[in-house]
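Presented below is the structure to which this report refers.
The values are calculated or read from the model by the stated rules, or taken from the named source; none is laboratory data. These figures come from a predicted structure and were not determined experimentally. Positions of Cβ are backbone-derived with ideal geometry, glycine not excepted, and every protein chain shown enters the neighbour counts.
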Amino acid sequence: MSISTTIIIRLEIRKSITSFGDVASKIATAGGDIVAIDVIRAGKDVTTRDITVNVLDAGNEDVVSELSEMAGIKVINVSDRTFLAHLGGKIEVTPKMPIKNREDLSQVYTPGVARVCTAIAEDPSKAYSLTMKRNTVAVVTDGTAVLGLGDIGPEAAMPVMEGKAMLFKQLAGIDAFPLCLNTKDPDEIVSIIKAVSPGFGGINLEDISSPRCFEIERRLAAELDIPVFHDDQHGTAIVALAGLLNALKVVGKSIATVRIVVIGIGAAGVSICNLLLAAGASHIAAVDREGILRRGVEYSHAEWLRLAEVTNEEGLVGGLTEAIKGADVFIGVSGGGVLTIDHVKSMAPDRIVFAMANPNPEIEPELAEPYVRVLATGRSDYPNQINNVLCFPGIFRGALDCRARTVNLEMKLAAAQAIASVVQEDELNEQYIIPSIFNEKVVEQVRIAVIKAAIATDMARRIPKDLIS
Ligand SMILES: NC(=O)C1=CN([C@@H]2O[C@H](COP(=O)(O)OP(=O)(O)OC[C@H]3O[C@@H](n4cnc5c(N)ncnc54)[C@H](O)[C@@H]3O)[C@@H](O)[C@H]2O)C=CC1
Ligand SMILES: CC(=O)C(=O)O
Ligand SMILES: [Mg+2]
């Protein structure tokens, strides 16, 4: 599947030779979709226009080269809106007050700042009130499992981490810093994160490949007293559970009895299986490259050995083809194109398909749609976007506000219920099982649910004013 993108083509059109109508039909024939036209200069014979065109990546060159070959047309420039949005990066640090004079300077900087430093040295917990710590999260990656792009390195991971930081800020008011590490060694990653942790209220691990991600998260959670949350594991699992709870209501089935196939038993897949089991699922087939996980096989991967004990109670042998036959639910967190139409057709009636791999889902939505009752992807350009962005802003807002020690199972289950409950029963339908990330209720409801669960399980170190009863 190609990813559509928007390009802006600046053209000179010599009116005595060709017309804008000819240009428009050439763009359409080459597979482009005109979304905006701006006149830059209108001369007697030559007009200059910026034409904004949606194209499939693969078709990008076709549109431009076809235009270049037209008589009376000169292509001046082509720019890609997505790349333009990334020029110089997407985030910056902004001071909360201006430094206008010497008095301001001596307050925010030396000598005044020294008294504040001394106060924190005497009582380190004051870092929460006198520094940005209480509202700040590190978004840490080693660039090894960036979206479904794989091990593309720490520099190439930056745009995703900057994007996560933007979402933290816009959706939950949290200041998040991307930290892209030039090491894949779990010992080194743990020790770097521990060393930088004093300045942060929480650690969001992102796009660190499995199985290293499990050990890294476990060690950090045990050794740090701030929440450590691997977004690809738990954020994804929480949103998948929320979507599934609502999808099951739409088709009138129960989580305890449905047969669920999860493919891609990496960071996201392991956590999805764990959370679905905790939420009452009892028939899960977990499938990876070595086939359906089953008891008695000596997997090198500790999480697979553990999952093999608690899934696939039927002892199914084989791969996706065998697992999906008669299944009610497919959840994909593997890679693009793994699921075929024949797989989908072999499922039970009222099929639920969550094809969540990014940027390309396990099956093209247009192909699957005629055969499924509920379809969701991880992308923003189709209905039912099951993406961890519905979770991480709210879960960290809640965890930071109650100064949670960790994010435990109860808090995760509460977050999933909260996301699901944003869609009211009378609004639920096949096309609307999960709220939009722009639905303002999401972050607030997740925050409240997470804080309540943290208080109930003794994980909260303070109760925010609005929740003191
Ligand atoms: N929609 C969402 O919110 C999220 C989606 N994802 C997507 O899920 C995918 C996996 O992400 P992670 O778990 O972080 O990566 P990961 O690298 O930890 O795990 C991927 C797993 O999928 C397996 N896999 C890949 N291709 C397969 C195939 N053809 N058949 C069977 N197994 C296969 C790999 O062996 C590996 O175990 C990526 O495409 C990612 O973009 C991940 C997190 C959130
Ligand atoms: C959404 C996300 O975190 C991922 O695809 O890795
Ligand atoms: Mg991710």
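Specify the residue that is surrounded by the fewest Cβ atoms within 10 Å (Cβ to Cβ); the eligible residues are those in segment 238-264 that are of a type in the set (A, V, I, L, M) and either within 9 Å of ligand 1 (Cβ to nearest atom) or free of Cβ contacts under 8 Å to residues at least 40 places away in the same chain (or both).
To start, the set of residues in segment 238-264 that are of a type in the set (A, V, I, L, M) comprises 238-242, 244-245, 247-248, 250-251, 255-256, 258, 260-263.
When the remaining residues are screened for being either within 9 Å of ligand 1 (Cβ to nearest atom) or free of Cβ contacts under 8 Å to residues at least 40 places away in the same chain (or both), the result is 239-240, 255-256, 263.
On the way: VAL239: 28, ALA240: 30, ILE255: 17, ALA256: 10, ILE263: 27.
Applying the filter and picking the extreme gives ALA256.
Among the listed residues LYS164, LYS169, identify the single one that is in a helix (DSSP H, G or I), at pLDDT 95 or above and closer than 15 Å to LYS133 by Cα. Reasoning before the result, please.
Values: LYS164 fails: closer than 15 Å to LYS133 by Cα.
The match here is LYS169.
Does any residue in segment 150-164 that is not assigned by TED's automatic domain parsing to the domain that holds ASN358 come within less than 7 Å, Cβ to Cβ, of a residue that is buried (at least 19 other Cβ atoms within 10 Å of the Cβ) and aromatic (Phe, Trp, Tyr) six or more places away or on a different chain, and which pairs are these?
Close Cβ pairs (under 7 Å, with a partner that is buried (at least 19 other Cβ atoms within 10 Å of the Cβ) and aromatic (Phe, Trp, Tyr)) do not exist here.
Among the listed residues VAL344, VAL389, identify the single one that is more than 16 Å from ILE263 (Cα to Cα) and touching a residue at least 12 places away in the same chain (Cβ under 8 Å).
Going through VAL344, VAL389 in turn, just one is more than 16 Å from ILE263 (Cα to Cα) and touching a residue at least 12 places away in the same chain (Cβ under 8 Å): VAL389.
Filtering segment 263-300 down to residues that are aliphatic (A, V, I, L, M) and assigned to a loop (DSSP other than H, G, I, E, B), which residue is farthest from ligand 2 (Cβ to nearest atom)?
Looking at the filtered set, the residue picked out is VAL297.
Would you pick out the residues in segment 339-357 that are within 16 Å of ligand 2 (Cβ to nearest atom) and outside any strand (DSSP E or B)?
Residues of segment 339-357 that are within 16 Å of ligand 2 (Cβ to nearest atom), as a first pass: 354-357.
Scanning segment 339-357 gives MET356, ALA357.
Just one of the numbered conditions (1) of a type in the set (D, E, K, R); (2) buried (at least 20 other Cβ atoms within 10 Å of the Cβ); (3) over 22 Å from the mean Cα position of the chain (by Cα) is not true of ASP225; which one?
(2)
Residues of segment 256-293 being of a type in the set (Lys, Arg) and touching an Asp or Glu at 6+ places or on another chain (Cβ under 9 Å), which ones?
Answer for segment 256-293, where residues must be of a type in the set (Lys, Arg) and touching an Asp or Glu at 6+ places or on another chain (Cβ under 9 Å): just ARG259.
Checking the structure you have, find out if any residue of segment 434-441 is at positive phi and free of Cβ contacts under 8 Å to residues at least 12 places away in the same chain. Reasoning before the result, please.
Quick first cut of segment 434-441, residues at positive phi only: none.
Scanning segment 434-441, I find no residue that is at positive phi and free of Cβ contacts under 8 Å to residues at least 12 places away in the same chain, so the answer is no.
Being without any contact (Cβ under 8 Å) to a residue 40 or more places away in the chain and β-branched (Val, Ile, Thr): is that true of VAL422 here?
It is true that VAL422 is without any contact (Cβ under 8 Å) to a residue 40 or more places away in the chain and β-branched (Val, Ile, Thr).
Scanning segment 175-192 for residues that are assigned to a helix (DSSP H, G or I) and within 16 Å of ligand 1 (Cβ to nearest atom), which turns out surrounded by the fewest Cβ atoms within 10 Å (Cβ to Cβ)?
Per the stated criteria, the residue is PRO186.
Scan segment 75-119 residue by residue and report those that are touching a helix residue (DSSP H, G or I) at 6+ places or on another chain (Cβ under 8 Å) and farther than 25 Å from ALA165 by Cβ.
VAL75, VAL78, SER106, GLN107, GLY112, VAL113, VAL116, ALA119
Picking from SER68, SER106, which residue would you name as being outside the structural domain of PHE177 (by TED's automatic domain parsing) and not β-branched (Val, Ile, Thr)?
SER68 is the lone residue from the list that is outside the structural domain of PHE177 (by TED's automatic domain parsing) and not β-branched (Val, Ile, Thr).
In segment 141-174, how many residues are exposed (fewer than 15 other Cβ atoms within 10 Å of the Cβ), among the hydrophobic types (A, V, I, L, M, F, W, C) and either within 19 Å of ILE395 (Cα to Cα) or within 12 Å of ligand 1 (Cβ to nearest atom) (or both)?
1
Out of (1) under 25 Å from the mean Cα position of the chain (by Cα); (2) over 15 Å from SER210 (Cα atoms), what's the single condition that is false for GLY252?
For GLY252, the failing item is (1).
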